[in-house]
Amino acid sequence: MENCSYKDAPLALERGIGGAGDPKRIMLLTTARSYRNQAFADAAARLDVDVIYVQDMAGQLATHWNYRQGVDFSRPDAAAQAIADLAAEIANAEMNNAAPIQAIRAVDESGTLVAAKACALLGLPHNSSQAAEAARDKHLMRTLFVQAGVPCPRFMLFHTGDDPHVVARQVAQQVTYPCVVKPINLSGSRGVMRADDEAEFVAAVQRLTQMLHELRIDDAPQPYQVESFIPGFEVALEGILDHGKLQVLALFDKPDPLDGPFFEETIYVTPSRLAAETQAQIAQCAADSAAALGLREGPIHAELRVNAQGPWILEVAGRSIGGLCAKTLRFDDDVSLEELILRQACGLPLGFMQREASARGVMMIPIPEAGVLRTVQGLAEAQNVPDIEEIEITAKPNYSLTPLPEGDSYLGFIFARGQTPEHVETALRLAHSKLHFEIVPELALVLG
């Protein structure tokens, strides 16, 4: 565990910056790979909030951090108890004249269940562990949606077997096409594949079986879900829950068709260009979906499909938007999404936070092929495209790249800001067209 800062955070956070009069202190659960650490550190500094960062790390790495104790998010009960023990240690030591810990929040999805369990041990307001689990388990999520009458795809649960070809062929005869094959507990469209017939289904299940077994130490059968494919276009809703009431912060259009065979997200643009009535229906569907899972506090990120029958919920996550995409959201007084999350966690007033008037968008640059990234060309030309604010290449040179459905990352992010959503979308596409990524096979790199 790390007392308040990862290595790039401001020094002020490392020393504790609880303000005079009514100091605030919270814990944030994060990982070393998170894109969001600096954004939260900046928000905490602006609010004068003392933050203790709890890292997901192996025990042997703990000596690199102030509290010399590792927390494994994959063991949520043990991790929650370790966090509760740390909270007691801090309270007893009265370190830096510290305020008591008022809240625990997860930066990314990996820590949401641990945060819920730790809050329960400490008596802090938070979503229940049952709700946190439902927001991470796609089968439990779908089951609760159906029970609450929320429109969602039809679904069936299956398990991988020793011979994925035989198992897949047996399952293929029970499935209605087109369908979507997906793991129940991975995020970011990882492992999600469309199948239009039995042959494609068998191939998809074989591929998913190999992927799931590579992610685990043992060879035990792994669950996966088969869902009906919902035609239409996708949107993403960013919101925050306060005592169960949803405040919509932004609605993103996804102008690229997400029809498969894989479902790699690329462009998000806000404000949405949908009719006000449709947007209201989407917001109500997201609120009903969050309530069905039992989510009541903190940020949510919802993914929905919309067609002639209205909105269909795909999933609701009990965390905010992933990656660097939160940079697209600014609110009154130049407030960031991270600041809103910290404000609510500390019990500070939110008011009615209005998103800025200009349109914004982000393109998550997809990985076109597997290999090793050698060079990136065209950055200057892409940056000079009107309405482009920033281009951040997060993939490192000479590192291996894995595209979807096995991969879980992007080459980087392009950010745009303009007068209208149309201007923003055009700028993102033009900037992307000017970028060239030299990706070589790993074998070629070794031989070269």
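FYI, it's all coordinate maths here, none of it is from the lab. Quantities reported herein were computed from a predicted structural model and do not represent experimental measurements. For neighbour counting, all protein chains shown are included, and Cβ atoms are generated from backbone atoms with ideal geometry for every residue, glycine included.
Near the amide H of residue 394, under 5 Å away, which other amide H atoms are found, from residues 5 or more places off or on another chain, if H is placed in the peptide plane?
Amide H neighbours of residue 394: 412, 413.
Looking at 370, 135, 222, which one has the Cα that reaches farthest to the positive end of the dipole of the chain (charges on Cβ: Lys, Arg +1; Asp, Glu -1)?
Going by the charge dipole, the pick is 135.
Apply the Debye scattering formula to segment 335-375, with a single equal point scatterer on each alpha-carbon and no solvent, then give log10 I(q)/I(0) at q = 0.17 Å⁻¹.
Values returned for q = 0.17 Å⁻¹ are -0.67.
Quick one: go through segment 121-160 and flag any residue whose amide nitrogen is under 15 Å from the point 7 Å out along the Cα-to-Cβ line of residue 350.
125-127, by backbone N distance to the label point.
Divide, for segment 154-228, the radius of gyration over alpha carbons by 2.2 N^0.38 Å, where N is the residue count.
The value comes to 0.98.
So what's the angle, to the nearest 10 degrees on a 0 to 90 scale, between helix 198-214 and the longest Cα principal axis of the chain?
Value to nearest ten degrees: 30.
What net charge do the residues around residue 398 carry, taking every other residue with its C-beta under 15 Å from that of residue 398, with Lys and Arg at +1 and Asp and Glu at -1?
0
Debye calculation, C-alpha points only, no solvent: report log10 I(q)/I(0) for segment 332-405 at q = 0.16, 0.21, 0.26 Å⁻¹, in the same order as the q values.
Taken in order of the listed q values, log10 I(q)/I(0) reads -0.83, -0.98, -1.23.
So what's the angle, to the nearest 10 degrees on a 0 to 90 scale, between helix 276-293 and the longest Cα principal axis of the chain?
Result, in degrees: 70.
Rounded to the nearest 10 degrees, what's the angle between the helix 37-47 long axis and the longest principal axis of the chain, both from Cα atoms, 0 to 90?
It works out to around 40 degrees.
Starting from the amide H of residue 224, placed 1.01 Å from N in the peptide plane, find each other amide H under 5 Å away whose residue is 5 or more places distant or on another chain.
Those qualifying (amide H under 5 Å, at least 5 residues apart or on another chain) are 158, 159, 160.
When the helix-only estimate is applied to the chain (DSSP H runs of n ≥ 4, each -39,500 (n - 2.57), divided by the residue count), what is the mean residue ellipticity at 222 nm, nearest 500 deg cm²/dmol?
Taking each H run of at least 4 residues, the total per residue is -9500 deg cm²/dmol.
Could you tell me the number of lysine pairs in the chain with C-alpha atoms less than 20 Å from each other, where the two lysines are 8 or more residues apart or belong to different chains?
5
Hey, can you rank 291-300, 79-88 by average C-beta count inside 10 Å, highest first?
The peptides rank, most packed first, as 291-300, 79-88.
Given the C-alpha centroids of segment 348-367 and segment 371-416, what is the distance between them in whole angstrom?
21
Quick one: which of 363-373, 114-124, 384-394 comes out on top by average Cβ neighbours within 10 Å, and what's the full order, highest first?
Ranked by mean Cβ neighbours within 10 Å, highest first: 114-124, 363-373, 384-394.
If amide H atoms are built 1.01 Å from N in the plane of the peptide, which residues on other chains or at least 5 residues away come under 5 Å of the amide H of residue 420?
359
Normalised radius of gyration for segment 343-448, please: alpha carbon Rg relative to 2.2 N^0.38 Å, two decimal places.
My calculation over the Cα atoms of segment 343-448 gives 1.37.
Please build a GNM for the chain, connecting alpha carbons under 10 Å apart, and tell me which residue among 43, 317, 78 fluctuates the most.
Greatest mean-square fluctuation among the candidates belongs to 78.
Karplus couplings for segment 425-438 from phi (6.51 cos²θ - 1.76 cosθ + 1.60, θ = phi - 60°), rounded to Hz, Gly and Pro as x?
4, 4, 5, 4, 5, 5, 4, 5, 5, 8, 8, 10, 10, 8
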